[in-house]
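FYI, it's all coordinate maths here, none of it is from the lab. All values reported here derive from a predicted model rather than from experimental measurement. Cβ placement follows ideal geometry from the backbone for every residue including glycine, while neighbour counts extend to all protein chains displayed.
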Amino acid sequence: MGVHVAGLVAVGVFYLVILLTGIFASRKSKQVEKQCSGKKSEVTIVGGRNINVVIGVFTMTATWIGGNSIMGTAEVVYSPAQGLVWAFGPLAYFLNFFLAGLFLAKPMRSKRYVTMLDPFQHRYGQLFTTAILLPALVCDILWVACILAALGGMMSIILDVSSTISIIISAAVSIIYTLFGGLYAVAYTDIIQLSFIFVCLWLCIPFMFLSPAVTDAPQTAHFNQSSFPSWIGEVKLEDAGKWTDDFLVMSVGGLACQALFQRILAASSSTQAQVTCFAAGGLAFILGIPSVIIGALATSADWNQTDYGLPPPYERGEAGNVLPLALSYITPSWMSVLGIGAVAAAVMSSMDSALLSSGSMFTQNIYKTTLRKQASERELQWVIRISVLLVGLAGTGLAFNKTSIIELWLLALDLLYCIIAPQLVCVVLLRSANCYGAISSYMIALLLRGLSGEPALGIPPVLLYPGWREEHGVIRQYFPFKTLIVLISLAAIYLISWLFQLAFTRHLIPQSWDVLDSFKKNMEAEVEEERPISNENKDFVLSTSF
């Protein structure tokens, strides 16, 4: 198959439109900066807290519907060992946004934080904030890598273009408009990208149903003899622990993502932030359905009736690319080009969010507060841009890794779930948490997670939980050990914080030994929380301005 010239032209036009939109958004950002004198960096990070509900819903949903989720969901549905019951992406997204809107959006937005790390900084200080930043930064780099890898694989199949070239060009476009437009560029381009994803993926499905290559019975070797279609899959009792772990990693792990809070904190009120979360949850669920359908249809495709031939993708080890393969060989060529456009849109809509979130946290919570306390707003903007560039380059380099897309995806969320999520829940919702409990819990969670091993990175486990198995020379854990680590982490924060508070308040330990100034910070934080909110900051009215 030669290079698809028409497809290349179409994708090139799409990239040009996105780039021009980003440039336009950068002009909008400059206009808002003039109205927010002295807070230009905040305009870049949270859009001047002036993003309306519609824009907020689009940009929040687009962040989660990336190339990794689109291709990863189809891969899971198509894979014989998994199926639909393991493809919990759409449901996990809905639950993630629902929990964020119900428990975290209001307390975070009402206190006018700029990043997810602000509550850590106010209560625990700089050292622990830096410790939390590290796994968040690694997660963003992994996120960029897996969504670029998804796009590279798709373009190489449909357009017959080198995945290396497609990864580099896509990364460059996304980095450029994020560099100069900040959150406004991300939000405005997300509108176009999400609209394109919705139309193109749903439009491809009728053509797949009508294709003569799609039959009523599964044609692949993993056809099972049960009364249910093979793509439904099943969860065996011995796999229930892993299923629970993966589902909670995807649904709860996302709560500790700066990209989520960037949208929440950009809303003009607490109420609007909550509405945005709930609406985004419903839209994310709907946008996850096309990938499920495409994965299911791929199990019923007679690949011998296509130019792809036999054996089918799974037997060739290409299950991770089943979505682009299905679009390329089961739909008309012009339709497959729309499919590649949808994935390209999904990739950039997620990548720009990951880039901006890392740059925002480093600038706001490390550079501004520790490295250069007297930095000007212009200097801070350039630090954000340099951070965006460095994270983009690191993620692009990792995108050439051949690891499964779904494995990279889960690994990124794994760090958020095990390390950051328990800390975030406690610092926002548990007033008695202090720095001693947080540091102890952090070290315990990090140690337990490391000793539990990680097959995707080739790290063998030291701790073997009940139900572990050795598969093809690799030990895999089927006990819900990640959730166990989270529960241990939560318990450690509460118990150790309580013990230190008891020891200091009852003078069992001299106050002079409070080397972290933990109780002084807690008292200051409580005073700040109880301070009356001015009329300027009260969140009563939904704003609909841009």
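Once the Cα atoms of helix 270-299 and of the chain are each reduced to a long axis, what angle between those two axes, in degrees from 0 to 90 to the nearest 10, is obtained?
20 degrees
Which order results if K111, K30, K236, K482 are arranged by neighbouring Cβ count within 10 Å, fewest first?
Least crowded to most crowded, the residues run K236, K30, K111, K482.
Going by the alpha-carbon gyration tensor, a ≥ b ≥ c the square roots of its eigenvalues, is the chain rounded (a/c under 1.5) or, if a/c is not under 1.5, prolate (a/b greater than b/c) versus oblate?
Taking the square roots of the gyration eigenvalues as a ≥ b ≥ c, the chain is oblate.
Take D352, D307, D190, D514 and order them by how many other Cβ atoms sit within 10 Å, fewest up front.
Least crowded to most crowded, the residues run D307, D514, D190, D352.
Quick one: helix 53-64 against the long Cα principal axis of the chain, what's the angle to the nearest 10°, folded into 0 to 90?
Helix 53-64 sits roughly 70 degrees off the main axis of the chain.
Using θ = phi - 60° and the Karplus curve 6.51 cos²θ - 1.76 cosθ + 1.60, what whole-Hz ³J(HN,Hα) does each residue of the stretch 490-504 get, with Gly and Pro shown as x?
Using θ = phi - 60°, the values come out as 4, 5, 5, 4, 5, 5, 5, 4, 5, 5, 5, 5, 4, 5, 6 Hz.
Mind computing the radius of gyration and Dmax over the alpha-carbon atoms of the stretch 242-317? Å is fine for both.
Expressed in Å, the Cα Rg and Dmax of the stretch 242-317 come to 19.2, 56.
What is the helix-to-structure angle for 163-210, meaning the angle in degrees between its Cα long axis and the longest Cα principal axis of the chain, kept from 0 to 90 and rounded to the nearest 10?
So the inclination is approximately 40 degrees.
Gap in Å between the Cα centre of the stretch 431-495 and the Cα centre of the stretch 131-183?
That distance is 29 Å.
With 10 angstrom as the radius, rank V249, V11 by how many other C-beta atoms surround their C-beta, starting from the fewest.
The most exposed by this proxy come first: V11, V249.
Near the amide H of V214, under 5 Å away, which other amide H atoms are found, from residues 5 or more places off or on another chain, if H is placed in the peptide plane?
Amide H to amide H, under 5 Å and 5 or more residues apart or across chains, V214 pairs with D302.
Using modelled backbone amide H atoms (1.01 Å from N, in-plane), which distant-in-sequence or interchain residues come within less than 5 Å of I51's amide H?
S268
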